[in-house]
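Engineer: One structure coming up, written as structure tokens, with questions to follow.
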Amino acid sequence: MRIEEVASTTKTQRVATHTHIKGLGLQEDGSAIPMAAGFVGQEQAREACGVVVDMIRQKKMAGRALMLTGAPGTGKTALALGIAQELGTKVPFCPMVGSEVYSSEVKKTEVLMENFRRAIGLRIKENKEVYEGEVTELTPEYTEAAAGGAGAGAGYGKVVSHVIIGLKTVKGTKQLKLDPTIYDALTKEKVSVGDVIYIEANSGAVKRVGRCDAYATEFDLEAEEYVPMPKGDVHKRKEIVQDVTLHDLDSANARPQGGQDIMSVMGQMLKQKKTEITEKLRQEINKVVNRYIDQGVAELVPGVLFVDEVHMLDMECFTYLNRALESALAPIVIFATNRGICTIRGTDITSPHGVPVDLLDRLVIIRTLPYTPQEMVQILAIRAQVEGIGIDEESLAFLGEIGERTSLRHSVQLLTPSMMLARTNGREEIGRGDLEETNSLFHDAKFSAKLLAEQADKYIS
């Protein structure tokens, strides 16, 4: 007899650099908890970010910008992601790196504007007349087609003249007589008796919500998604809320709507994928958006544009940012940089953080501080837990010493190879010996720089 264990179908999450960040770790009064939501230390920076989050929620920060500055590995990107987590999924968060603007296909300013528009959301509320319920009957009615006549089904004998559909809710049932085009939509959605659907009265659009839970079986794993039977009447008015970004509207209107013939389809496939959206089109979309807002149909949701390594931008980009931040439709912009006083890219001008002084005047700056040895050990313990790595206290303290001597990033990167060595030696927990061996195998940037300085004659420079 063969017995097999059924593997769990639970979705496993990939572990990334900032997987452990779950928010900013603040109390109700806005003060930072020393160790919370994946953050350790950086209390002042987190409290400042908390104030920014409150301003964003109250829509009092659109068109403003802040800058996170600090040495490499002090948690600037983590703070930006913490802000994104605090704001939730309904507020658009668009991350980009300064070097992304250098594209051979599109202008630098176009890439910046595209990301600006991605970071502005529009919540559209529509009251739609819908028929909703569980399908109890689905009967297409056929008529004889006129032989030799024009149109679909000509000369084939029978065509669908209309379709009879029965819909049932908790409150009652209704039988509808629908157009044959709606029958095509029902076929495309693979609707069958027992499915929960809704049909829009104005457009005739059909949406299959799922299978009615009355048909649910005792199996744990099902291909179907079961939904409860709708409440209320079959015919109802329903408020549908749709979240889109301004970039979604731009790209939808910029794409030419070609015909259905083979030449049009081929032409669309052969066209280059990246097309620039004209300023004229954006202005037209802005007019429509403003009209929707005035009518109360839509609500503007200014999101966050996060530009990491902002010193990689050049003078043209910075000049464009000055103008973009002043526009009526502007998101909250967060910059991050680890540079001190350096030259602005593409010029001989030196400036703090490699950003022009006139743009710096518009920013509020949040500083991140280097971590203490104790904080490093706490961060390493969190990372080990997230990655599912076992490590004892002594080894953790030793890894903290390595981090203090080299960098926090380097010590975090030593965790996984050390776990591999421990497992090779038949252990499920990292010991100090594993860390010493891994540290001797992999060098950090400081050691490498020292080696290059000592043996400069052996390298090509």
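The values are calculated or read from the model by the stated rules, or taken from the named source; none is laboratory data. None of the values given here were measured: they were computed from a predicted structure. Every residue, glycine among them, receives a Cβ derived from its backbone with ideal geometry; neighbour counts consider all protein chains shown. Ligands, DNA and RNA are excluded from the accessible area calculation, which covers all protein heavy atoms including side chains. Shrake-Rupley method; radii C 1.70, N 1.55, O 1.52, S 1.80 Å.
Engineer: Being part of a helix (DSSP H, G or I), in contact with a helix residue (DSSP H, G or I) (Cβ under 7 Å, 6 or more places away or on another chain), in contact (Cβ under 8 Å) with a residue 24 or more places away in the chain and surrounded by 13 or more Cβ atoms within 10 Å (Cβ to Cβ) is the filter here, so list the residues in region 384-406 that pass it.
Structural biologist: Once the filter is applied, which keeps residues that are part of a helix (DSSP H, G or I), in contact with a helix residue (DSSP H, G or I) (Cβ under 7 Å, 6 or more places away or on another chain), in contact (Cβ under 8 Å) with a residue 24 or more places away in the chain and surrounded by 13 or more Cβ atoms within 10 Å (Cβ to Cβ), region 384-406 yields 384, 395, 398, 399, 400, 402, 403, 404.
Engineer: Looking at region 89-138 only, could you name the residues that are of a type in the set (Gly, Ala, Ser) and open to solvent by 10 Å² or more (accessible area, probe 1.4 Å)?
Structural biologist: 99, 103, 104
Engineer: Take the residues in region 223-251 that are open to solvent by less than 70 Å² (accessible area, probe 1.4 Å) and part of a loop (DSSP other than H, G, I, E, B), then tell me which one is nearest to residue 165 (Cα to Cα).
Structural biologist: 234
Engineer: Give me the residue from region 276-310 that is part of a strand (DSSP E or B) and of a type in the set (A, V, I, L, M, F, W, C) and, out of that set, most open to solvent (accessible area, probe 1.4 Å).
Structural biologist: Ranking the qualifying residues of region 276-310, first place goes to 300.
Engineer: For region 318-325, does any single residue satisfy the condition of being touching a Ser or Thr at 6+ places or on another chain (Cβ under 8 Å) and not in a loop (DSSP other than H, G, I, E, B)?
Structural biologist: yes
Engineer: Considering only residues that are without any contact (Cβ under 8 Å) to a residue 40 or more places away in the chain and either among the small types (Gly, Ala, Ser) or over 10 Å from residue 204 (Cα atoms) (or both), which ones fall in region 165-179?
Structural biologist: 165, 166, 175, 177
Engineer: Looking only at region 207-216, decide whether some residue is within 30 Å of residue 295 (Cβ to Cβ) and either loosely packed, with under 11 Cβ neighbours inside 10 Å or modelled with pLDDT under 85 (or both). Break it down stepwise before answering.
Structural biologist: First, pick out the residues of region 207-216 that are within 30 Å of residue 295 (Cβ to Cβ): 207, 209.
Add one more test, that the residue is either loosely packed, with under 11 Cβ neighbours inside 10 Å or modelled with pLDDT under 85 (or both), and what stays is 207, 209.
Looking through region 207-216, at least one residue is within 30 Å of residue 295 (Cβ to Cβ) and either loosely packed, with under 11 Cβ neighbours inside 10 Å or modelled with pLDDT under 85 (or both).
Engineer: While we're on this one: Any idea which residue in region 139-168 is modelled with the highest pLDDT, counting only those that are in contact with a Gly (Cβ under 6 Å, 6 or more places away or on another chain) and open to solvent by less than 30 Å² (accessible area, probe 1.4 Å)?
Structural biologist: Top of the filtered list is 167.
Engineer: Next question, about the same structure. Do you know which residues across region 414-436 are open to solvent by 20 Å² or more (accessible area, probe 1.4 Å) and within 14 Å of residue 401 (Cα to Cα)?
Structural biologist: Kept after step one, since they are open to solvent by 20 Å² or more (accessible area, probe 1.4 Å), are these residues of region 414-436: 416-417, 420-421, 423-429, 432-433, 436.
Once the filter is applied, which keeps residues that are open to solvent by 20 Å² or more (accessible area, probe 1.4 Å) and within 14 Å of residue 401 (Cα to Cα), region 414-436 yields 432, 436.
Engineer: Further, regarding this structure: Can you tell me which condition residue 374 does not meet? The list is (1) open to solvent by 80 Å² or more (accessible area, probe 1.4 Å); (2) closer than 19 Å to residue 94 by Cβ, and all the others hold.
Structural biologist: (2) is the only condition that residue 374 fails.
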